[in-house]
Amino acid sequence: MEQFWAGSSINKNKGMVELLQRYGIIQSKKVAEVMETVDRALFVPDGFPAYEDSPMQIGFNATISAPHMHATCLQLLEKHLQPGMHALDVGSGTGYLTACFALMVGPQGRAIGVEHIPELVAMSLKNVEKSVVAPLLKDGSLALPVGDGREGWPEFAPYDAIHVGAAAPEIPKPLIDQLKPGGRLVTPVGNIFQELKVVDKNEDGSVEVRTEIAVRYVPVTSRQAQLRGY
Ligand SMILES: C[S@@+](CC[C@H](N)C(=O)[O-])C[C@H]1O[C@@H](n2cnc3c(N)ncnc32)[C@H](O)[C@@H]1O
């Protein structure tokens, strides 16, 4: 719910990454590298200040999350996004975070972004095709299917990393089921008051849940409810 900078004075992707480092949101070289490599401007609708630290409307009552939220989630998931690992991004919207995941897990891994609005999926595919990860889409290690993300995406489960880009009152059980032992799920939970939860699955299958920060996301919902404004 914080905003670390406002206005459109930052007009370079690198400048945005440097600010995220200065504010301590980006702490690792890897996350800085990935966010520098995937240009956010390719994922933000034309005419919007791409590098401002704010969520922006992308149509269909959805938003692209603010840069500091993308950076926070990448930091939390970094160890679970190593080359060859499987990552699931629920509510992939513009495809920005899925693209970052794909770059991290590489051609031997899998980065799946599930989004339930077909028009947003079409837009995200166009965004990715313009970006540095286009070859990963072509070779199939990055995929952006249309689907209800509350069901996860069983085809490539179990996942080392799962991110949910919208808030549900409770963590959907299929997502916990599809998390690999040793894996991590990062998801906002709540209605009006929401918290970003970090769920770690132990090797014996038990889970530990902790709260990272207070957040404000659009809800995980049905397509119909979202299109009529929830
Ligand atoms: C805050 S947006 C985040 C989008 C993405 N992380 C980004 O930054 O571009 C949340 C997304 O979740 C999607 N969504 C909501 N409920 C969903 C569901 N049941 N299944 C799949 N996607 C869903 C919305 O359509 C929206 O695109």
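Tabulated results
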item: Segment 210-230 residues that are more than 14 Å from Gly59 (Cα to Cα), paired with ones that are open to solvent by less than 40 Å² (accessible area, probe 1.4 Å) and not in a strand (DSSP E or B) (beta carbon under 6 Å, 6 or more apart); result: Tyr217/Ala166; Pro219/Ala166; Val220/Ala166
item: Qualifying positions in segment 35-54 - free of Cβ contacts under 8 Å to residues at least 40 places away in the same chain and in a loop (DSSP other than H, G, I, E, B); result: Pro45, Asp46, Gly47, Phe48, Ala50
item: Some residue of segment 128-151 being more than 30 Å from Ala41 (Cα to Cα) and part of a strand (DSSP E or B); result: no
item: Some residue of segment 192-203 being within 15 Å of the ligand (Cβ to nearest atom) and either among the β-branched types (Val, Ile, Thr) or in contact with a Phe, Trp or Tyr (Cβ under 8 Å, 6 or more places away or on another chain) (or both); result: yes
item: Per-region count, segment 167-193, residues of a type in the set (Val, Ile, Thr), at pLDDT 95 or above and more than 17 Å from Ser92 (Cβ to Cβ); result: 3
item: Candidate set from segment 152-172 (those that are β-branched (Val, Ile, Thr) and assigned to a strand (DSSP E or B)); member that is farthest from Asn61 (Cα to Cα); result: Ile162
item: When residues of segment 118-144 are limited to those that are of a type outside the set (A, V, I, L, M), touching a helix residue (DSSP H, G or I) at 6+ places or on another chain (Cβ under 6 Å) and open to solvent by less than 20 Å² (accessible area, probe 1.4 Å), the one farthest from the ligand (Cβ to nearest atom); result: Ser131
item: In segment 105-117, residue farthest from the ligand (Cβ to nearest atom) [restricted to those that are open to solvent by less than 10 Å² (accessible area, probe 1.4 Å) and under 15 Å from the mean Cα position of the chain (by Cα)]; result: Val105
item: Any pair with Cβ under 9 angstrom, 6 or more apart, that starts in segment 145-168 at a residue that is farther than 19 Å from Ala71 by Cβ and near the ligand (Cβ under 9 Å from one of its atoms) and ends at one that is open to solvent by 40 Å² or more (accessible area, probe 1.4 Å) and at pLDDT below 95; result: Ala168/Pro219
item: Answer from Lys79, Lys14 - the residue that is open to solvent by 60 Å² or more (accessible area, probe 1.4 Å), touching a residue at least 40 places away in the same chain (Cβ under 8 Å) and in a helix (DSSP H, G or I); result: Lys79
item: Segment 175-222: number of residues that are touching a strand residue (DSSP E or B) at 6+ places or on another chain (Cβ under 8 Å), open to solvent by 70 Å² or more (accessible area, probe 1.4 Å) and more than 20 Å from Thr72 (Cβ to Cβ); result: 4
item: Test for Gln178: is it polar (S, T, N, Q), under 18 Å from the mean Cα position of the chain (by Cα) and within 19 Å of His86 (Cα to Cα); result: yes
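Each row is one residue, and each column tells you yes or no for (1) in contact with a Leu (Cβ under 9 Å, 6 or more places away or on another chain); (2) surrounded by fewer than 23 Cβ atoms within 10 Å (Cβ to Cβ).
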site	(1), (2)
Ile26	yes, no
Asp39	no, yes
Pro55	no, yes
His68	yes, yes
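The values are calculated or read from the model by the stated rules, or taken from the named source; none is laboratory data. Keep in mind that this is a model prediction, so the values were computed, not measured. Ideal geometry is used to build each Cβ from the backbone, glycine not excepted, and the neighbour counts take in all protein chains shown. Ligands, DNA and RNA are excluded from the accessible area calculation, which covers all protein heavy atoms including side chains. Shrake-Rupley method; radii C 1.70, N 1.55, O 1.52, S 1.80 Å.
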